[in-house]
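Participant: Here it is, the structure, as structure tokens.
The values are calculated or read from the model by the stated rules, or taken from the named source; none is laboratory data. Everything numeric in this text was worked out from a predicted model, so none of it was measured. Using ideal geometry, Cβ is built from the backbone for each residue, glycine included, and neighbour counts are taken over all protein chains shown. Just so you know, the surface numbers come from the protein's heavy atoms only, side chains and all, with ligands and any DNA or RNA stripped out. Shrake-Rupley method; radii C 1.70, N 1.55, O 1.52, S 1.80 Å.
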Amino acid sequence: MIYADNAATTKLNKEAFEAMIPFLLEFYANASQPYSFSRKAKRALKDARRTIAGCINAEPEEIYFTSGGTESDNWAIKNFCPQTDIRHIITSPIEHHAILNACKSISYNSQLSLLSVDSKGIVSEKSLLEIFTRPREVVASCKNTLVSVMLANNEIGTIQPIKELCEIAHSHGAYFHTDAVQAVGHIPIDVKDLGVDMLSASAHKFNGTKGIGFLYIKKSLGIIQAFHNGGMQENGLRAGTENVASVVAMAYALKSNCDNMNKNISHLKLLEDAVISILDKEHIDYLRNGINQLPGNVNLSFKGVEGEMLLHRLDLKNICVSTGAACDSQNQKATHVIEAIGVPDEYKYGTIRISFGFENTMEEAKVIANALVSIIKCSGNNTCSKRQKILYTRLS
């Protein structure tokens, strides 16, 4: 089996798994208790917080543990100011649904503005400036404004000009959050250099466990409200018994990815190039979506074929990728990201995302590319066997 859907989730780092076992079987005490049996767990949380902070150039007290990226995003969007305040939220149409649906959920008490994106998925700095220079009566009722733009897109991998967008927001008195779920552990991140007020991350995207993540909250922010109420964990802002074992694994996995980042980036670039080279050599008609992508992200739209068909045909060859188009027999629908960047109709329904991880090999990249060539050529001419044609008809 070839797994090439690392943007969806990653394999748990083996050493990270081994690091968490003692906190499941031996040092399993509640870290909030005052007795000596809790000291190992309490120390582990402190060390993990320091490790994670160091990986993004934050302060340990600015790291708040959550259940993952969705919770972190929801916390940032819904609780960045008192519920009684009318909010103005500015985001882009290509954000993850954790952001977009969180914005919709508080529409009763907020104004929402969408930024423009170009055909490569780059958020327009000009459109952000235009929003801030609208007639004052448009946003006069809003006490607080938050701009939320993802650091790297989860579908097409485009890395955004977060530092520049953040500077614009701050110059107009707004706060800035970035959903960095897809980026943390894969590209260098320095929250001080970016200038962001909040940053979301999820461990399973960088070889940690599922169900754990963190939200970076700048110390000077001061306006963030508690996500939910209960005990005094996470400085009273995120109640609930800490998941010590998963926090330990998250810190270990993140540190490992950051330590090996340059090597991983170089390796993933070679795999990307191998896929593109084979497709070009075989004269396959496709578009590559995005620009300045995350390492290993290859989002492709093939002309005249369906992404769902490609996914299933690859699955039959024991190759795991994801599709950028959700199709059924009644309706064809491209994802909101593919629609937003304007991929032409003859290509957009044939979109798939190949996302390599550092464990993928050059041989696997070539197998994937050659499998795509075979499937696409089979779907478009008469060189397929009768059995292949029947299979293609069923799947399409």
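Participant: Could you sort the peptides 105-111, 20-26, 335-341 by per-residue average Cβ neighbour count (10 Å cutoff), highest mean leading?
Facilitator: 335-341, 20-26, 105-111
Participant: Relative contact order for the chain using alpha-carbon pairs under 8 Å, separation at least 6, rounded to a whole percent?
Facilitator: 21
Participant: Considering the options 36, 340, 249, tell which one lies farthest towards the positive end of the dipole of the chain, charges being +1 on Lys and Arg and -1 on Asp and Glu at the Cβ, about the Cα centre.
Facilitator: 36
Participant: Pop the C-beta distance of residue 30 and residue 171 into the FRET formula with R0 = 51 Å and round what comes out to the nearest 0.05.
Facilitator: Approximately 0.70, to the nearest 0.05.
Participant: Apply the a/c threshold of 1.5 to the C-alpha gyration tensor of the stretch 59-186 and tell me whether it is rounded, prolate or oblate.
Facilitator: Note, shape of the stretch 59-186 comes out oblate.
Participant: Multiply the residue gap between residue 374 and residue 133 by 0.36 nm, knock off their C-alpha separation, and tell me the result in nm, one decimal place.
Facilitator: Here the answer is 81.5 nm.
Participant: Hey, could you get me the Stokes-Einstein D for the chain, Kirkwood radius over alpha-carbon pairs, 10 °C and 1.306 mPa s, rounded to whole µm² s⁻¹?
Facilitator: 71
Participant: Another question about this same structure. Rounded to the nearest 500 deg cm²/dmol, what is the calculated helix-only ellipticity per residue at 222 nm for the chain, with -39500 (n - 2.57) per DSSP H run of length n ≥ 4?
Facilitator: Result for the chain: -11500 deg cm²/dmol, rounded to the nearest 500.
Participant: Order 375, 291, most accessible first, counting only protein heavy atoms with a 1.4 angstrom probe.
Facilitator: 291, 375
Participant: How large is ³J(HN,Hα), in whole Hz, for each residue of the stretch 88-93 in order, when computed from phi with the Karplus curve 6.51 cos²θ - 1.76 cosθ + 1.60 and θ = phi - 60°, using x for Gly and Pro?
Facilitator: Per-residue couplings from phi come out as 10, 10, 10, 9, 10, x Hz.
Participant: Any chance you could give the angle, 0 to 90 degrees and rounded to 10, that helix 261-281 forms with the longest Cα principal axis of the chain?
Facilitator: Approximately 20 degrees, to the nearest 10.
Participant: Hey, could you get me the Stokes-Einstein D for the stretch 172-322, Kirkwood radius over alpha-carbon pairs, 20 °C and 1.002 mPa s, rounded to whole µm² s⁻¹?
Facilitator: After rounding, the answer is 114 µm²/s.
Participant: In debye, nearest 20: dipole of the chain around its Cα centre with unit charges on the Cβ of K, R (+) and D, E (-)?
Facilitator: 580
Participant: Further question: Heavy atoms only, probe 1.4 Å: what % of the accessible area of the stretch 241-368 goes to carbon and sulfur, would you let me know?
Facilitator: Carbon and sulfur: 48 percent of the exposed surface of the stretch 241-368.
Participant: Considering only protein heavy atoms and a probe of 1.4 Å, how much of the accessible area of the stretch 1-72 is carbon and sulfur, as a whole percent?
Facilitator: Roughly 55 percent of what the probe reaches on the stretch 1-72 is carbon or sulfur.
Participant: To make sure I understand the rule: partners must be lysines, Cα under 29 Å from the Cα of residue 143, and not fewer than 8 residues away in the same chain. Which ones qualify?
Facilitator: Partners found: 78, 104, 126, 163, 192, 218, 219.
Participant: Looking at the P(r) of the stretch 72-141, how many percent of alpha-carbon pairs lie beyond 18 Å?
Facilitator: It works out to 43 percent of all Cα pairs.
Participant: Residue separation times 0.36 nm, minus the C-alpha to C-alpha distance between residue 111 and residue 285: what's the value?
Facilitator: Extra length from residue 111 to residue 285 when fully extended: 58.4 nm.
Participant: Taking only protein heavy atoms and a 1.4 Å probe, what accessible area per residue, in Å², does the chain have with all protein chains in place?
Facilitator: 44
Participant: Hey, another quick one. Mind checking which lysines have their C-alpha under 19 Å from residue 377, skipping anything on the same chain fewer than 8 residues away?
Facilitator: 281, 303, 317, 348, 366, 386, 389
Participant: Turning to a different aspect of this structure: Given +1 on the Cβ of Lys and Arg, -1 on the Cβ of Asp and Glu, and no further charges, what dipole in debye does the stretch 164-226 carry about its Cα centre, rounded to the nearest 20?
Facilitator: Computed about the Cα centre, the dipole is about 320 debye.
Participant: Of 16, 92, 45, whose Cα points farthest to the positive end of the dipole of the stretch 1-96 (charges on the beta-carbon: +1 Lys, Arg; -1 Asp, Glu; origin at the Cα centre)?
Facilitator: 45
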